[in-house]
Amino acid sequence: MRLTLVLAAATLLAGCTPKPKAELAPLLEEFIYTTLSFSPSAATGQGYHVHHGRKLDDELDDFSFPALQRQMKFYADFHKRLEQIDRTRLSSEDRADLDIIEGQIALALFDLGLIHSPQHNPTVYVEALGNALFNPYVLEYAPPAERFRSIIARLRQVPHYVDVAHGSLRAVPPAWMDVAVEENDGNIALIDGALRGAAPAELKTEYDEAAAPALDALRAFNRFLKSELPKRQIGHLPSWRLGAEHYRMKFRFALGTDRTPEDVLRQARADLETVRVRMRGIAMPLHAQWYPTHGETDAETVIREVLQRISDKRSTPASYLEDARHDLEEARQFVTAKNLLTLPSNANLKVIPTPEFVRGVYSVGGFNPAPPLEPRLGAFYWVTPIPPDWPAARVESKLREYNFYKLKLLTMHEAVPGHYVQGEFANAVQPSSRRVLRAVYGNTPYVEGWAEYATQMMLDEGLLDHSPELRLTFLKEELRVIANAIIDIRLQMDQMSEAEVAPFLESKTFQEHEEATQKLRRAQLTSAQLPAYLVGWRDWMRVRGEYRARKGAGYRLHDFNDAALREGAVPLPVLGRLLAGQ
């Protein structure tokens, strides 16, 4: 039955049989709020607090077998209902919304019916719990005492939550176990440190009473992962690799694209060499200036020596966060001066250290947008601090990779004009049902592609007076985006060994060893996510080119950016049609 549902979901994007017209808005709202209720931890983060009388802020996610079966039934039944809609009678905007829902149904059934993440990936439990506790801590949707009562209610459920994980987990790849232990340590630190210290005075006793058994359960969970779970794993352990057939399916559903992994891999390999040639052209004059005595040398050495010299200008562990804040203000001023787009009027962006429980994935930084249901609340640019116990060589590797110029690129990508600006535009989409759908289930290549495209735009418009150092660093970033796609596709389709990743990234894309090591981990944890950057970036440039050709002499960069951002995170082929009025 499960496999049948998944295979049916794989044909969703092929179209529906024309049937009587249906009102789409109520269906959007039913889908959004029902699926959010499946994950109370995510619902709090999105600003959804009560579902049919249930206070979601007091609940943890339910990964029990009956709960997952109910979710599968909902998605399968909802797909059947969508088949009754006559697409030919929908507006282009409604058709775009329907595409998003169908893609999400396919992705959900793929995971629930084929991949079974709650049985094989302990980070599912760890990260959902971390979000469940962290979101009410940092999102000021209610007075502190009310939010801490929800935190306490969730802490009381942790022992049962861990019991479900104990009973469900089977055959876990070692790489996922290692990350789960590390991130679970972050949850323990959050409960025992930041949350305990911030609990209102009148709730401290209640908090301590709830925290004690929760901490005991989480420490026991780490022991379970390290010692007990490996004893259950009889025979050959499952791989974190999806394999070619499953990866092709997830690639399509997760990226909302009709491009195949093979198509993207061919493009990426060609782009890799093209970008390296451009890097040599920029590096040669700098090399002659900085290394006049080196004489003739090969292109590889020229680029590497220039990048090494560029990386000499870098932050310290103590200044890293404050330097990112400075870069953010610089980016804001440049966007305004060049009139590149309409900057958000809100002052809700905060630059904070990355929460410990997600540093396994966000080893450098990240962005957490304001909740679409409560857009007045804070948005967060996360910058991952350098751990104080790292050896000096590892610290230097990290700071060389994220040097003076790369930190600027990171800030533009994650904050302005990247993810933060896109997220704020998304939170202004109307009607509200469309806004929430396109924010909660936004297309990843649209989101990540915008951040890459927007960063390129800043350099093209002359940031730092067309600094060759900044441009060369950005071309190294482009190499990394290309390599992200290559390693994810090849690793997940079993065409590349783990041992090949670091040498490839260090030799072909000039990455530091620390960065290469972290990228392998990310590829192991987030299949079909890393190619979103390349797929999205190239499609943003294509959509802009088509828009510019239509506008002719009337083309304005500001107008394109605003028009494209006002649509929210739709699949990029859909964005092109919407901007063309189709």
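Where a number appears in this text, it was derived from the coordinates with a stated rule and is not lab data. These numbers come from a predicted model, not from an experiment. In this analysis, Cβ positions are derived from the backbone assuming ideal geometry, glycine residues included, and neighbour counts consider all displayed protein chains.
Points to keep in mind about this one:
- Highest mean first, the peptides 479-486, 55-62 sorted by other C-beta atoms within 10 Å per residue fall in the order 479-486, 55-62.
- Over the chain, relative contact order from alpha-carbon pairs under 8 Å, at least 6 apart, %: 16
- Among the listed options [x] 1.02; [y] 1.00; [z] 0.95, the one matching Rg/Rh (Cα atoms, Kirkwood Rh) as calculated from these coordinates is [z].
- Kyte-Doolittle at least 0.0, axis length at least 30 Å by Cα - qualifying DSSP helices, the chain: 468-492
- Those aspartates and glutamates that a straight Cα-Cα span of less than 15 Å connects to Lys204, excepting residues fewer than 8 apart in one chain: Glu146, Asp192
- Sequence-separation-based contact order of the stretch 402-527, relative, with Cα cut under 8 Å and 6+ spacing, percent: 21
- Pairs beyond 28 Å (Cα-Cα), from Lys226/Lys250; Lys350/Lys519; Lys73/Lys226; Lys226/Lys508: Lys226/Lys250; Lys73/Lys226; Lys226/Lys508
- Helical runs (DSSP H, four residues minimum) scored at -39500 (n - 2.57) apiece and divided by the length of the chain put the mean residue ellipticity at 222 nm at -20000 deg cm²/dmol.
- Shape call, the stretch 425-582: gyration tensor on alpha carbons, a/c limit 1.5: oblate
- For GluC sites (Glu not before Pro), the sites in the stretch 105-193 that DSSP calls loop and that have at most 16 other Cβ atoms within 10 Å are Glu140.
- The stretch 253-295 and the stretch 49-105: distance between their alpha carbon centers, rounded to Å: 41
- Overall shape: oblate for the stretch 314-466, with the ratio a/c of the largest to smallest alpha carbon gyration tensor axis at 1.5 or above and b/c at least equal to a/b.
- Order of Trp537, Trp290 - criterion: other Cβ atoms within 10 Å of each residue's Cβ, fewest first: Trp290, Trp537
- Counting neighbouring beta carbons within 10 Å and listing from fewest to most, the residues Lys406, Lys551 come out as Lys551, Lys406.
- Working from Cα pairs under 8 Å separated by at least six residues, relative contact order for the stretch 314-466 is 27 percent.
- Rounded if a/c under 1.5, otherwise prolate or oblate - the stretch 118-238, Cα gyration tensor axes: prolate
- DSSP-defined beta bridges in the chain - what % are antiparallel, rounded to 5: 55
- Candidate lysines for bridging to Lys551, where Cα separation is under 27 Å - those fewer than 8 sequence places away on the same chain excluded: Lys338
- Annotation: amide H-H contacts under 5 Å for Thr354 (H modelled 1.01 Å from N, sequence separation of 5 or more, or interchain): Val383, Thr384.
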